[in-house]
Structure formats: structure tokens, C-alpha cells
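The values are calculated or read from the model by the stated rules, or taken from the named source; none is laboratory data. What you are looking at is a predicted structure, and each value in this text was computed from that prediction instead of being measured. When we count neighbours, we look across all protein chains shown, and the Cβ atoms used for this are built from the backbone with ideal geometry, even at glycine. In case anyone asks, the SASA skips ligands and DNA or RNA and just uses the protein heavy atoms, side chains included. Shrake-Rupley method; radii C 1.70, N 1.55, O 1.52, S 1.80 Å.
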Amino acid sequence: MKKRILTGDRPTGALHLGHYFGSLKNRVDLLNQGYETFIIIADYQVLTDRHDTSLIEKNIVELVKDYVSVGLDPSKCTIFVQSKIPELAELTVLFSMIVQTSRVSRNPTVKEEINKMDLEGNFSLGMFSYPVSQAADILLFNPNVVPVGEDQLPHLELTREIARKFNSLYGKVFVVPKPLLGSEPRLLGLDGHDKMSKSRGNAIMLKDTRETVLEKIMSAKTDSENKIKYNPTTKPGLSNLLKLYSLVTNESVKTTEMRFKNGNYKELKESLAEAIVKFLEPIQTKRKDITNSQVKQILKMGNQEALSVSAKSIAKVKKAMKMYYGF
Ligand code: TRP
């Protein structure tokens, strides 16, 4: 049988190079290797830390455009929206009965999110329990592999535990999925310190213009040595720029290091900015051609496909639980 992957994102805004090399590229590669691919746009999950819903619909549309423009061919994969699949909510209820609160409270990613937002002691039940809902996102579709970033590994561990627990209670219904990390789970931002992220303002966005890219790269943090050498420990900022160059030009870091060995930081930065612009160009060109009505069509088809898988899946769950009633 064809292997299946499922992964997804929260629709909270535009994507950047960290997303691209951390997960999008991986997804495109897997899709092209013939994996059956499901991508969930987790709109309910956005509500874990905010009540403002005004941007969600727009962000969903933008996200689909990002997906398609980086090469996720919508005729070959299923892109769907979480809130359009009621069975996900049903499965979340069932899972919440077989998982202990003490287990959920040990999730380092949730803890970090709560810390980051100063939500201490004042966060929603949905924030606390979203990893259980994410387990439903995953298991309802029975994927073999879940390509994710490092921060999602605790959620995957919980998902695997829930799958095993359910299977041992009610019979083998769920595949126990394996996580798969992208090739660059730790691409740093231009501050050379934190992981690339939009909220930290240290990211190159997929839709950045030439001027923006140039400006951002020229002011990227390095060090005062002005000596080009790849060493992420002693020269994190500079090494990250070399890494970025190697990624966007698809050459090894070693080759990039040799290429710039005798140059200075300014030369490296100028070449890097050009290389990034060149890398982004086809993505941006493709993005411009995608209309809102095409996005609508993609999601309509995706939701339909996801609904048909979900209906079968939830019937299997209820039969196993002897709750597939005749009335
Ligand atoms: N939590 C993921 C993120 O913030 C998004 C997500 C929701 C997800 N459901 C998923 C990822 C299922 C993988 C599988 O990026």
C-alpha cells in the first residue's frame, strides 16, 4: 500500500525561509517520491492563544498560495481545513477520555508557548489540551509518517501513546505514526541567535522583495572578526549566513565556505542577498498567478477528500468501541 503522510500548519501569517527549509521542502520531496500527502490547515488551533478571528480566513488563503507556489501540487495532494471536518472534534472528545491530565501537563512545547506569551496561570483549556486535538488531526487520517519541526516532537510522542492506548483498549484501529524532521530544523534567524521566526522579526519571508532581502541581509548580525569560516559554535551568525547560501544555491556548506574563504563579510552578504532573490523569484512568480477562486477550488476538493477519509475512519473507531449503534 502507498505510504501516507500528514502534516500541517496554523494559518497565522506568511511563511519564511525557516518554514521552507525546515518543513516545506521536505513535504515537496516526499510528495514527489509518491507519498500520499494530507496537509491540514489548523484554523481551530489558532484560537488556542487568541480570540481575534478577523485574519484567519485571509491567512488560510495566503497559506494555500504559499503551499502551491513552493511546489505542493494540489492535484497530487489533499489540502484541507480543520474546522471543515467535524469528525476531528468527535475524535478529540474520545481521545480526551483516554489521556491523563498529568500526561498532557508535561508537554514542553505547550509550556514554552505559555511562557512566551506570559500566559502563566491564565491560559485556556484549549491551549492546555490542543496536543490531544492534534493527535486527532493526525490519527483520523492514519498516516505512517508525520513530517514536522523539532518543536512538534512532544505532540508526536503523545499522539503515538494515544494510538497505542486506543489500540490496546479497543483493538488495532490506528497506525502508530513516526515523526520525520526536516533537513534544517534549526535554521537561525538573521540575529544569528534565535530560530528563524516571523514574530522575532529575524526572518526572510517567501514574499520579501529584492530591496527587503538586501536590507535584511546587509544588517544581519555577524561578528567583528571579518574572517569567513564555518563554525556554528564560535561564529553562529556568520555560519548561519553560509548555511543559508548553501541552502538556496543547493551546494554543500563546505563548498560555500571555500567559495568565500578569502572574501569579507560585505561580499558574502551581497552574494547571499542575490542568491536569495534568485531562489525566491520562481516561487514569487508562481504565487502571483494563483487566484483566490483557484484557492477556493483547491480547498473545496481537499475538504471533500478529507471528509470522505474521515467518515470511514470514525466509523471504524466507533465500531471498535462498540458505539456504532443501530439507531
Ligand atoms: N501544531 C502545528 C504547528 O503549530 C500545526 C498542526 C496542527 C499540525 N495539526 C497538525 C502539524 C497535525 C502536524 C500534524 O505548526
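Among the residues of segment 279-294, which ones are in a helix (DSSP H, G or I) and surrounded by 12 or more Cβ atoms within 10 Å (Cβ to Cβ)?
Selection gives Phe279, Leu280, Pro282, Ile283, Gln284, Lys286, Arg287, Gln294.
Please count how many residues of segment 295-327 are exposed (fewer than 14 other Cβ atoms within 10 Å of the Cβ), basic (Lys, Arg) and not in a loop (DSSP other than H, G, I, E, B).
4
Only one of these is in contact (Cβ under 8 Å) with a residue 60 or more places away in the chain, surrounded by 20 or more Cβ atoms within 10 Å (Cβ to Cβ) and either among the hydrophobic types (A, V, I, L, M, F, W, C) or in contact with a strand residue (DSSP E or B) (Cβ under 8 Å, 6 or more places away or on another chain) (or both): Thr78, Thr48. Name it.
Only one candidate passes the filter, namely Thr78.
Please go through segment 1-47 and give me each residue that is β-branched (Val, Ile, Thr) and either outside any loop (DSSP other than H, G, I, E, B) or more than 9 Å from the ligand (Cβ to nearest atom) (or both), ordered by number.
Scanning segment 1-47 gives Ile5, Thr7, Val28, Thr37, Ile39, Ile40, Ile41, Val46.
Any residue in segment 125-144 that's over 18 Å from Thr78 (Cβ atoms): show its pairings with residues that are assigned to a loop (DSSP other than H, G, I, E, B) and within 10 Å of the ligand (Cβ to nearest atom) at Cβ separation under 7 Å, as long as the two are six or more apart or on different chains.
Gly126/Thr48; Met127/Thr48; Tyr130/Thr48
Results for (1) surrounded by fewer than 20 Cβ atoms within 10 Å (Cβ to Cβ); (2) more than 23 Å from the chain's Cα centre (by Cα), shown as yes or no for each residue.
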{"position": "Pro185", "(1), (2)": "yes, no"}
{"position": "Asn202", "(1), (2)": "no, no"}
{"position": "Leu206", "(1), (2)": "no, no"}
{"position": "Glu225", "(1), (2)": "yes, yes"}
{"position": "Asn231", "(1), (2)": "yes, yes"}
{"position": "Gly237", "(1), (2)": "yes, yes"}
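Could you say whether any residue in segment 210-223 is in contact with a strand residue (DSSP E or B) (Cβ under 9 Å, 6 or more places away or on another chain), surrounded by fewer than 19 Cβ atoms within 10 Å (Cβ to Cβ) and not in a strand (DSSP E or B)?
Within segment 210-223 (the criterion being in contact with a strand residue (DSSP E or B) (Cβ under 9 Å, 6 or more places away or on another chain), surrounded by fewer than 19 Cβ atoms within 10 Å (Cβ to Cβ) and not in a strand (DSSP E or B)), the answer is yes, since at least one residue qualifies.
Please go through (1) farther than 25 Å from Leu244 by Cα; (2) in a helix (DSSP H, G or I); (3) among the charged types (D, E, K, R) for Asp66 and return the number of the only condition it doesn't satisfy.
(1)
How many residues are open to solvent by less than 30 Å² (accessible area, probe 1.4 Å), modelled with pLDDT of 95 or more and either near the ligand (Cβ under 9 Å from one of its atoms) or not in a strand (DSSP E or B) (or both) if we restrict to segment 134-153?
Total meeting the criteria: 10.
Being within 16 Å of the ligand (Cβ to nearest atom), among the hydroxyl-bearing types (Ser, Thr, Tyr) and within 22 Å of Phe166 (Cα to Cα): is that true of Ser129 here?
For Ser129, the condition - within 16 Å of the ligand (Cβ to nearest atom), among the hydroxyl-bearing types (Ser, Thr, Tyr) and within 22 Å of Phe166 (Cα to Cα) - is met.
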